[in-house]
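K.L.:
Here's a structure for you.
Only the coordinates and a few stated rules stand behind these numbers; no lab work does. None of the values given here were measured: they were computed from a predicted structure.
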Amino acid sequence: NKKAFVELLFWKSPAIVGEMTQGYSSLQEGEGTTRSRVPPWTPQEEQELRELYWKYKEMEGGDIIAAILAQLPSPGRTRRQVVKQLVRM
């Protein structure tokens, strides 16, 4: 590909670099992306998160996110996922 040098000017993830070297049809849909590995928030989880936030919002001197994570019924959520979802909501 004569124009591959242009692609090298922009940041690439390891999955995209592999796709560039092995051919553009080698990467399957959604493979290698972070978003595909994170399970989406269900409406029930969002409601529980909203209720827990309002419960611990006024907590002084403590970590609100840690308290929410301890009470969150769905295991496997990371601190970063909870913070991103709260910001999004």
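K.L.:
Quick check: convex hull over the Cα atoms of region 43-88, volume per residue in Å³, rounded to an integer? Mind dumping the intermediate values first?
P.N.:
Working: hull volume 3.2 nm³, N = 46.
Spread over its residues, the Cα hull of region 43-88 gives 70 Å³ apiece.
K.L.:
Sticking with this one: Straight-line reach only, C-alpha to C-alpha below 22 angstrom: list the lysines that residue 55 could link to, leaving out same-chain residues fewer than 8 apart.
P.N.:
Partners within reach: 84.
K.L.:
Still on this structure, please answer the following. Apply the Karplus parameterisation 6.51 cos²θ - 1.76 cosθ + 1.60, with θ equal to phi minus 60°, to every residue of region 83-88 and state each ³J(HN,Hα) to the nearest whole Hz, in sequence, with x for glycine and proline.
P.N.:
4, 4, 5, 5, 5, 4
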